[in-house]
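Notes for the one structure printed next.
Any read-out appearing in this document is the output of simple, stated calculations on the displayed coordinates, not a laboratory observation. Not measured: the values here are computed from a predicted model. A quick note on method: Cβ atoms are made from the backbone with ideal geometry, for glycine too, and the neighbour counts reach across all protein chains shown.
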Amino acid sequence: MSKLLLISLGKLGGAVLEAAARDGRFQHIIVATRNTAHARAKANAAKIGAALEGQYPRIDVVAFDFNAPNAPELLRKIQPDLMFAAPTMLPWWKVATSVNAAKFKNLPFGFWLACHLAPMLSLRAAWEKSELHCPWVSGTYPDVVNAILHMTGQGPIIGIGDISECLPKIRFLASEQAKAPIPELAVKLVGGHALASLFYREEAVKEFPPFLLQVLWHGHDISLGVKDKLRSVKMAVEQTDEINRITASAALDVLAALLSDEPYALHAPAPNGLVGGYPVTISRKGVAVDLPREWTLEHALSTNAAALTFDGITALEKDGTVIFTEKTATAFEKHLGEKCTRLRPEDAAAMAAKLVALI
């Protein structure tokens with residue numbers, strides 16, 4: 001029986017637990033977290049809900065703090081077949097719902113990068129010392145954080161969310177455009193985190209980040225017609241932690257694929273540490289980018305690298321240092337009193353503490 005390990009149990013981790021328990025493809029789920037009382041209550045709710053839907057997974061809760069000295073030993077003891085983690089010091093929804101939300105509304109997402117990177121670096125340190133070799137999946141700003149982790153050591157094999165959450169809107173629009181059932185459409189998309197965030201806005205989008213899109217219907221390419229209408233389509237959702245339920249749905253096939261002998265054709269961010277999101281094939285054998293023949297990997301990589309500016313990031317250097325855009329640097333000067341133009345991974349924890357203090 002394969003073991004799915006969920007590290008910590010924030011809003012996204014809790015949503016993944018609920019979804020995985022009901023899914024039927026995960027027979028043994030282990031929740032490793034500091035707050036075991038909260039986790040046991042969540043696990044009980046998940047077990048009851050799953051049973052009502054005809055699923056009976058085994059769910060265990062263990063005390064775990066990835067910052068503690070014994071974290072590597074505990075990981076070795078659990079010996080998971082697959083690990084999912086989404087730790088962050090400041091989830092986006094907490095910023096969006098804070099009393100100071102209006103001050104931060106138009107800040108680039110990269111402004112908060114340190115809050116996502118710092119805990120992932122701590123978890124990675126425990127992971128490396130544990131010497132585990134099972135796949136690790138991330139839900140913490142994976143388009144960028146996964147890339148930095150791979151540049152500086154080991155990192156998650158893939159992320160979840162972001163690009164995959166763009167696909168439903170594209171399929172809905174393409175179905176209307178072609179007057180065709182959604183299952184008859186073949187969609188391939190390359191795009192970064194900023195593209196996904198635009199898909200949840202009520203107002204029409206003035207400018208999309210760079211992306212690549214192919215939509216085929218029985219071999220007919222209808223991509224241009226779909227792209228032309230993307231800016232005007234609105235599909236807003238409430239900007240609360242409820243969005244984590246959407247992201248949890250995006251996680252299920254990725255996690256199940258990594259336990260499967262048969263490959264799944266999906267979309268996901270940061271395959272093997274690449275910046276941004278891609279069409280991929282996933283199985284227990286690993287992850288591979290799955291581009292249409294018309295696209296080169298170099299083109300896809302450059303597209304996602306160019307899209308980073310929409311998150312307030314100019315580039316990632318080979319050592320994992322993040323170079324911020326002028327807009328982001330100016331925002332640091334306004335809110336923190338210092339004009340930060342770059343962030344080295346080793347400085348992420350100190351920067352994160354300053355950002356958390358703003359909320």
**Q.** Whole-number percent relative contact order across the chain, with pairs defined as alpha carbons under 8 Å at least 6 apart
**A.** 18 percent
Q.
Suppose only helical runs count, i.e. DSSP H with n ≥ 4. What mean residue ellipticity at 222 nm does that imply for the chain under -39500 (n - 2.57) per run, divided by all residues and rounded to the nearest 500 deg cm²/dmol?
A. -13000 deg cm²/dmol
(Q) Using Cα springs under 10 Å in a Gaussian network model of the chain, which residue among 104, 310, 66 shows the largest mean-square fluctuation? (A) 104
**Q.** Mean shadow area of the stretch 309-356 over all directions, Cα convex hull, nm²
**A.** 3.2 nm²
Q: Please give, to one decimal in nm, the separation of the simple spin-label points placed at residue 101 and residue 169, each 7 Å out from Cα toward the Cβ.
A: 1.9 nm
Q | Amide H partners (placed H, <5 Å) of residue 31, local residues excluded | A | 6, 60, 61, 62
Q. Over the chain, what is the percentage of antiparallel beta bridges among all DSSP beta bridges, to the nearest 5?
A. 55 percent
(Q) Taking the alpha-carbon distance from residue 229 and a cut-off under 19 Å, which aspartates and glutamates remain once sequence neighbours fewer than 8 residues away in the same chain are dropped? (A) 165, 176, 202, 203, 207, 221
Q) How do 141, 264 rank when sorted from fewest to most other Cβ atoms within 10 Å of their own Cβ? A) 264, 141
**Q.** Sequence ranges 289-300, 14-25, 38-49, ranked by mean other-Cβ count within 10 angstrom, highest first
**A.** 14-25, 38-49, 289-300
Q: Take the Cα gyration tensor of the chain, multiply each eigenvalue by 5, square-root it, and list the three semi-axes largest first, rounded to whole angstrom.
A: 30, 27, 20
Q. For residue 319 and residue 67 in one chain, what is 0.36 nm times their gap in residues minus the Cα-Cα distance, to one decimal in nm?
A. 88.4 nm
**Q.** Potential extension, residue 78-residue 353 segment - 0.36 nm per residue separation minus Cα distance
**A.** 95.9 nm
(Q) Just to check I understand the Karplus step: with θ = phi - 60° and J = 6.51 cos²θ - 1.76 cosθ + 1.60, what whole-Hz values come out for the stretch 121-130, glycine and proline as x? (A) 5, 5, 5, 4, 4, 5, 4, 4, 5, 6
Q: May I ask you to sort 143, 319 by Cβ crowding, counting other Cβ atoms within 10 Å and putting the fewest first?
A: 319, 143
Q: Going by C-beta contacts inside 10 Å, put 193, 150, 218 in order with the fewest on the left.
A: 218, 150, 193
**Q.** residue 296-residue 36 pseudo-label distance in nm [points 7 Å out on the Cα-to-Cβ vector]
**A.** 5.6 nm
Q. Under 21 Å Cα-Cα from residue 94, which lysines qualify once same-chain neighbours fewer than 8 residues away are excluded?
A. 11, 42, 103, 105, 334, 354
Q. With r defined as the distance between the Cβ atoms of residue 207 and residue 177 and R0 fixed at 22 Å, what FRET efficiency is calculated, to the nearest 0.05?
A. 0.55
Q. Between residue 265 and residue 51, what is the spin-label point distance in nm, taking each point 7 Å from the Cα along the Cα→C-beta axis?
A. 4.1 nm
